[in-house]
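Report on one structure; see the data block that follows.
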Amino acid sequence: MTIGIVVFPGSNCDRDVFWATKGCLGIPTRFLWHESTDLENLDAIVLPGGFSYGDYLRCGAIARFAPVLSSLIEFVNNGGKVLGICNGFQILTELGLLQGALTRNKDLLFICETVPLLVSSKRTKWFANFQYGEEISLPIAHGEGRYQCSSDVLKKLEDDDSIALRYSKNPNGSINDIAGITNKAGNVLGMMPHPERACDKKLGGIDGRGILEALLGN
């Protein structure tokens, strides 16, 4: 089992993810430069947080054209698991692998704090280590984490049980308190909170471990 972490110019959480997966969980992990198209021998891919390409146009809007992401689409279509964290979530929506969009927080401020969240999907294997409705705590750090979508998309997400994670106390104005969603197939998860920052007791919590361990599951 090997995990690949995509590194874009401007990524700043790639090494945090590496420490969590390799250092804390002992999962073989390697970095993937954004110009690479070789995803051979990888079982799961992580798109980390940060400011890919400086977010100069719009969060994730430039990153979606990176060569590695053309291979990522095929990887997903073949059932490969992909986790997008923060900027990675933004990239997945820009790429069309997840529906909706991430926009400026309701108060137009950058938020950096640990927040309570609710596991909100009964079907997703990403949260198999938790109970439905269980409250967990994870850090967030974003200025554009307000999830928005049309009423039709929201209904589809609810009908497909694709809303994986909700804020207990909505910090950014996301519709329906959404903090993370999956695609219909369930092999792609996008989330604004940072599980990689909650894998070591010395950092204050380990609720993120259960999510990253799901990268190993079928």
Filter segment 134-158 down to the residues that are without any contact (Cβ under 8 Å) to a residue 60 or more places away in the chain, surrounded by fewer than 17 Cβ atoms within 10 Å (Cβ to Cβ) and closer than 17 Å to Gly210 by Cβ and list them by number. Glu134, Glu135
Taking Gly54 as meeting all but one of (1) surrounded by fewer than 21 Cβ atoms within 10 Å (Cβ to Cβ); (2) at pLDDT 90 or above; (3) of a type in the set (Gly, Ala, Ser); (4) farther than 16 Å from Ile178 by Cα, write down the number of the exception. (2)
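Select from segment 159-175 the residues that are out of contact with any strand residue (DSSP E or B) (no Cβ under 7 Å at 6 or more places or on another chain) and either within 20 Å of Leu83 (Cα to Cα) or among the polar types (S, T, N, Q) (or both) and list them in ascending order. Write out each step before concluding.
Going through segment 159-175, the residues out of contact with any strand residue (DSSP E or B) (no Cβ under 7 Å at 6 or more places or on another chain) turn out to be 159-161, 170.
Asp160, Asp161, Asn170, listed by residue number.
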Under 6 Å by Cβ, and 6 or more places apart or on different chains, what pairs join a residue from segment 10-30 that is under 17 Å from Gly210 (Cβ atoms) with one that is of a type in the set (Val, Ile, Thr) and part of a loop (DSSP other than H, G, I, E, B)? Thr21/Ile27
Looking only at residues that are part of a helix (DSSP H, G or I) and touching a residue at least 12 places away in the same chain (Cβ under 8 Å) in segment 159-176, which one is nearest to Gly100 (Cα to Cα)? Ile175
Hey, any hits in segment 40-47 for a residue that's surrounded by 22 or more Cβ atoms within 10 Å (Cβ to Cβ) and small (Gly, Ala, Ser)? yes
Could you identify the single residue in Ala198, Ala101, Ala185, Ala214 that is aliphatic (A, V, I, L, M), surrounded by fewer than 23 Cβ atoms within 10 Å (Cβ to Cβ) and touching an Asp or Glu at 6+ places or on another chain (Cβ under 9 Å)? Ala101
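Checking the conditions here, which among Ser150, Ser174, Ser168 is at pLDDT 95 or above and farther than 13 Å from Leu117 by Cβ? Before you say what the answer is, go through the steps one by one.
Numbers: Ser174 fails: farther than 13 Å from Leu117 by Cβ; Ser168 fails: farther than 13 Å from Leu117 by Cβ.
None of the other options fit; the residue is Ser150.
Considering segment 163-218 alone, what residues qualify as being of a type in the set (Asp, Glu) and more than 12 Å from the chain's Cα centre (by Cα)? Reasoning before the result, please.
Keep residues of segment 163-218 that are of a type in the set (Asp, Glu), which gives 177, 196, 200, 207, 213.
Of everything in segment 163-218, those that are of a type in the set (Asp, Glu) and more than 12 Å from the chain's Cα centre (by Cα) turn out to be Asp177, Asp200, Asp207, Glu213.
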Which residues, taken from segment 114-133, are surrounded by 20 or more Cβ atoms within 10 Å (Cβ to Cβ) and of a type in the set (Gly, Ala, Ser)? Ser120, Ser121
Condition test on Glu94, is it acidic (Asp, Glu), surrounded by 15 or more Cβ atoms within 10 Å (Cβ to Cβ) and within 24 Å of Lys184 (Cα to Cα)? yes
What number of residues within segment 75-106 are in a loop (DSSP other than H, G, I, E, B), in contact (Cβ under 8 Å) with a residue 40 or more places away in the chain and either in contact with a Leu (Cβ under 7 Å, 6 or more places away or on another chain) or farther than 21 Å from Pro195 by Cβ (or both)? 5
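The values are calculated or read from the model by the stated rules, or taken from the named source; none is laboratory data. Just so it is clear, the model here is predicted, and its values are computed rather than measured. So basically every Cβ, Gly included, is an ideal-geometry build from the backbone, and we count neighbours across all protein chains shown.
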